[in-house]
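Presented below is the structure to which this report refers.
Where a number appears in this text, it was derived from the coordinates with a stated rule and is not lab data. The shown structure was predicted, so the numbers you read here are calculated from the model rather than taken from an experiment. So basically every Cβ, Gly included, is an ideal-geometry build from the backbone, and we count neighbours across all protein chains shown.
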Amino acid sequence: MIYYTYPGFRNKALTISYDDGLWSDVHLLEILNRYGIRGTFNLNSGCMQEERRIGKDRIAELYKGHEVATHGVEHLTIARCPMTDVVKEILNDREALEELTGKIVCGHAYPNGSYSHEIKTLLPSLGIHYARTATDSGKYTHPQDFYEWNPTCHHNNRLLEHAKEFLAFDLPQFQYLFYVWGHSYEFDRDKNWDVIEEFCKMTGGREDIWYATNAEVCHYLMAVKSVYTSVDEKILFNGSGQDIYLLRNGEKICIHPGLYSV
Ligand SMILES: [Zn+2]
């Protein structure tokens, strides 16, 4: 039998997602980078001239090593808008953020947690691969639907208790994903920077955790879907563009793109 694992044969992954691109992100990035925790920052390209937001000229440098994703050009509550506005909000944001970062931007976080079935079905055509909601699942599972990706918890929702629970998991038959979201300005407002600092100290720098951006998690799980095998599982084919890690009867196997057989 085969169990897929995360890269490096790990069965735990951690990712975070922070919105709006205010200057408080600088402090958050400093903490994350210190502990090797990675994630996704959802930005509004049409609001960057505001004094409280990180300016266009700093985006590429500050978010290096993390993912930049769309959050709508103007941060509109898109479920209230005509679909033509939704298209512009997301596609124009993608284009602007791609110009600032020099990378393909393929993620989205719904501004004000606003979405609808119609919006979800539109996103693939706009080159969006996943979209995050503002609904805590309290779980450590993979999303059933990447266009309605419910995070595990907001950082004000028992973050350290969740972290303890996550670190204590020790069942190799499960694959765990811990997904934290929020806004860095909330740490200023609530005077609780110590919570994220403690969280990173607990969960960072560990051999058994894969630290990934949202897109890396999404793309890896999609890539796993493009592996197929013979019935006896002696022949494996990796139809994706990246290495896939798995356990075959307990044996660690990393399959490169293409055919693998033993
Ligand atoms: Zn927002």
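Miscellaneous remarks
- Cα pair distances of the chain binned at 10 Å [whole percent]: 7, 29, 34, 22, 7, 1, 0
- Ile2-Met222 pseudo-label distance in nm [points 7 Å out on the Cα-to-Cβ vector]: 2.0
- Those residues of the stretch 1-45 whose amide nitrogen sits under 13 Å from the label point placed on Trp193, 7 Å along Cα→Cβ: 23-32
- For the stretch 10-224, lysine pairs with C-alpha atoms less than 14 angstrom apart, excluding pairs fewer than eight positions apart on the same chain, total 6.
- Tensor-based shape of the stretch 220-262 (alpha-carbon gyration tensor, a/c under 1.5 rounded, otherwise prolate or oblate): prolate
- Net charge, Ile255 excluded, C-beta distance under 13 Å - Lys, Arg +1, Asp, Glu -1: 0
- Positive contributions from Lys and Arg (+1) and negative ones from Asp and Glu (-1), summed over other residues with Cβ under 14 Å from the Cβ of Trp193, come out at -4.
- Between 0 and 90 degrees, the angle of helix 83-101 with respect to the longest Cα principal axis of the chain falls at about 80 degrees.
- Judged by the mean number of other Cβ atoms found within 10 Å, the most tightly packed of the peptides 178-189, 156-167, 229-240 leads the ranking 178-189, 156-167, 229-240.
- Residue-count net charge about Lys88 - beta-carbon cut-off 12 Å; Lys, Arg +1, Asp, Glu -1: -4
- Once both labels are positioned 7 Å from their Cα atoms along Cα-to-Cβ, the gap between Glu118 and Met83 label points is 0.7 nm.
- Sorted largest first, extent of the stretch 144-212 alpha carbons per principal axis (Å): 40, 30, 19
- Extension gain (nm, one decimal) between His27 and Thr135, 0.36 nm per residue minus Cα-Cα: 36.4 nm
- Among 96-109, 31-44, the order from most to least packed when residues are scored by Cβ within 10 Å on average: 31-44, 96-109
- When both the stretch 21-43 and the stretch 211-262 are represented by their alpha-carbon centers, they are found 30 Å apart.
- About the Cα centre, charge dipole magnitude for the stretch 62-188 (Lys/Arg +1, Asp/Glu -1 at Cβ), debye: 180
- The chain: angle of helix 193-203 to the longest principal axis, Cα-based, in degrees nearest 10: 10
- Estimated [θ] at 222 nm from DSSP helical runs (n ≥ 4, -39500 (n - 2.57)) normalised by residues in the chain, nearest 500: -9000 deg cm²/dmol
- Three-way shape label, the stretch 53-194, alpha-carbon gyration tensor, a/c 1.5: prolate
- Among 63-76, 204-217, the peptide with the highest mean count of other Cβ atoms within 10 Å heads the list, and the full ranking is 63-76, 204-217.
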